[in-house]
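Presented below is the structure to which this report refers.
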Amino acid sequence: MPTNFEDSRLLPILDKVEAGQRLSYEDGVALYRSHDLLALGHMANIVRERLHGNITYFNVNRHINPTDVCVASCRLCAFGKRVRDPKAYTMSLDQVWETAGRGWTEAVTEFHIVGGLHPELTLDWYCQMLRGLKERFPQVHLKAFTMVEIAYLAQRAKLSVRETLERLIAAGVDSLPGGGAEIFSERVRRIICDHKITGQQWLDTARVAHQLGLKSNCTMLYGHIETHEDRVDHLVKLRELQDETGGFVTFIPLAFHPDHTPLEHIPKTTGFADLKQIAVARLMLDNIPHIKAYWIMMTPRIAQIAQRFGSDDVDGTVVEEKIYHDAGATTSQSLRRGELLRLVREAGREPVERDTLYRPVTRTESAFTVLV
Ligand code: SF4
C-alpha cells in the first residue's frame, strides 16, 4: 500500500517498523513531537496486526477498592482521603466479600483490587481478605495491589518486598495490576506524588514480583507536567525491565484526570493526545504483548478508535469504578458485555473475551445468571 506521510521525518521510523527493528529513544521523542496522527496510527497498526491480527480482547471483571484512606496525599489524586476525612471509607472484610458478590454472575473472571495506603490495615488483614475471596469465589483470578501498595505493606510489616509478595501469593494473589508507576522521572514525581515510592523502587518491586512468577501489567500516567522526553524515558525503562523478566503482559496508558485534585488547573487530555499515546506505546514497547485502551479514562469512543491506532484491548465491564470517577471521569461506571462487543465489532475487529492472562473464555449468553 503506498504510504503518504505528511511528516516525512517519520519515514525512517516506518522503515524500522516494517523491518521489525527496535525504535530508539530519539525515535520515541520524534514520534511524540509529530502531529501526523494518521502516520503514527498507520505504523502502530502494522505492529498491532502483526501481533494480534484482527482480534480485540476484553474481559468481564469487577473492581473492588477496599479503602480510599491514604497516607500519601499525592497531588495527582482525587481518590485518596485522609483518615479523618468524613468522606473517607474503609470496608470491613465482610463488606469486601459482600461487594465482590454483589450482582454476582459466574461470568466474572477477575477481581481488580486496589486502594489507598491505609495506616492501620495490616498485611495480615489483606491476606485474610484474599483468602476469604478465594474461598467464596475460587474460580476468580485475583489481580491485586499496585507496586506502591506492596512496598507500603512491606514497610509496615517490616518485611522485604519479596517476603511480602510471598505472603500475598500464598494468600491468593494471582497477578498484579501494575498501577502507581505514574512517570518515573524523579523531577516530576517530586511535584505530583512526592510521598510515593521512587520510579526505581516501582521497577524493583515489579522485578521481584516477576522473579516470583507473578505476571503484572504496567502503566504510565500522562497529560500532566511531564515532557515528551519523560514519557520516552518511562517507556524505555519498562522495555528494559521486560527484556530482563518478560513479566509484563499489558501496558495501560492512563490519561491524567485533574478534577478535584490540587492540579485542577491542568487541562484534560484530548482525543488526539490519547490516540497518539496509544500509538507511541505500541511502537516503543515492542516486547510487551498487549496495549490497552482503558475506556474508563479514554471514553468508550476513543477506546474504540484506538483499536485502529495500536491497541488490542478495551479492558472489561469494570463495575463500580471509583478512582477516576472521583477525579471527574464522566464515563459510565460499567459497560455491559453486549456494549463492549458492539464497540469492538463496529471498529471492524473481532472481539475475544479473555481471562486476565489472555486465555480465551468461551461461553454462551445463556450461561449468565445475571446480565453483565
Ligand atoms: S495516588 Fe495512590 S498513593 Fe497517591 S494518594 Fe492516591 S491512592 Fe494514595
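The values are calculated or read from the model by the stated rules, or taken from the named source; none is laboratory data. Given the structure is predicted, the values throughout are model-derived calculations rather than measurements. Every residue, glycine as well, gets a Cβ built from its backbone with ideal geometry; the counts of neighbours run over all protein chains shown.
If you check Val47, Val96, which single one turns out to be out of contact with any Ser or Thr (no Cβ under 9 Å at 6 or more places or on another chain), outside any loop (DSSP other than H, G, I, E, B) and free of Cβ contacts under 8 Å to residues at least 40 places away in the same chain?
Details: Val47 fails: free of Cβ contacts under 8 Å to residues at least 40 places away in the same chain.
One residue alone meets the criteria, Val96.
Working carefully through the options Ala144, Ala88, Ala78, Ala154, find the one that is within 16 Å of the ligand (Cβ to nearest atom), closer than 20 Å to His195 by Cβ and under 20 Å from the mean Cα position of the chain (by Cα).
Working: Ala144 fails: closer than 20 Å to His195 by Cβ; Ala88 fails: under 20 Å from the mean Cα position of the chain (by Cα); Ala154 fails: under 20 Å from the mean Cα position of the chain (by Cα).
After ruling out the rest, the residue left standing is Ala78.
Could you list, ordered by first residue, the pairs with Cβ atoms under 8 Å in which the first is in the stretch 143-155 and in contact (Cβ under 8 Å) with a residue 60 or more places away in the chain and in a strand (DSSP E or B) and the second is among the charged types (D, E, K, R) and more than 11 Å from the ligand (Cβ to nearest atom), at least 6 apart or interchain?
Lys143/Glu110; Lys143/Asp174
Going by what's in this entry, would Ala72 be described as crowded, with 20+ Cβ neighbours inside 10 Å, in a loop (DSSP other than H, G, I, E, B), modelled with pLDDT under 95 and of a type in the set (A, V, I, L, M)?
Against the criterion (crowded, with 20+ Cβ neighbours inside 10 Å, in a loop (DSSP other than H, G, I, E, B), modelled with pLDDT under 95 and of a type in the set (A, V, I, L, M)), Ala72 does not qualify.
Got at least one residue in the stretch 53-60 being part of a helix (DSSP H, G or I) and more than 30 Å from Gln95 (Cα to Cα)?
No; the residues of the stretch 53-60 include none that is part of a helix (DSSP H, G or I) and more than 30 Å from Gln95 (Cα to Cα).
What number of residues within the stretch 142-163 satisfy the criterion of being farther than 17 Å from His210 by Cα and in contact with a Phe, Trp or Tyr (Cβ under 9 Å, 6 or more places away or on another chain)?
Within the stretch 142-163, residues that are farther than 17 Å from His210 by Cα and in contact with a Phe, Trp or Tyr (Cβ under 9 Å, 6 or more places away or on another chain) number 1.
Counting just the residues of the stretch 175-214 that are among the charged types (D, E, K, R) and surrounded by 20 or more Cβ atoms within 10 Å (Cβ to Cβ), which one comes out nearest to the ligand (Cβ to nearest atom)?
Going through the qualifying residues, I end up with Lys196.
Which of (1) more than 17 Å from Thr205 (Cβ to Cβ); (2) free of Cβ contacts under 8 Å to residues at least 60 places away in the same chain; (3) buried (at least 21 other Cβ atoms within 10 Å of the Cβ) is the odd one out, the single condition Ala78 does not satisfy?
(2) is the only condition that Ala78 fails.
From the list His63, His112, exactly one residue is closer than 28 Å to Ala293 by Cβ, at pLDDT below 90, within 15 Å of the ligand (Cβ to nearest atom) and not β-branched (Val, Ile, Thr). Which is it?
His63
If we scan the stretch 8-15, do we find a residue that is surrounded by fewer than 19 Cβ atoms within 10 Å (Cβ to Cβ), within 16 Å of the ligand (Cβ to nearest atom) and among the charged types (D, E, K, R)? Can you show your working first?
Going through the stretch 8-15, the residues surrounded by fewer than 19 Cβ atoms within 10 Å (Cβ to Cβ) turn out to be 8-9, 11-12, 14-15.
From what is left, the residues that are within 16 Å of the ligand (Cβ to nearest atom) are none.
No, because not a single residue in the stretch 8-15 is surrounded by fewer than 19 Cβ atoms within 10 Å (Cβ to Cβ), within 16 Å of the ligand (Cβ to nearest atom) and among the charged types (D, E, K, R).
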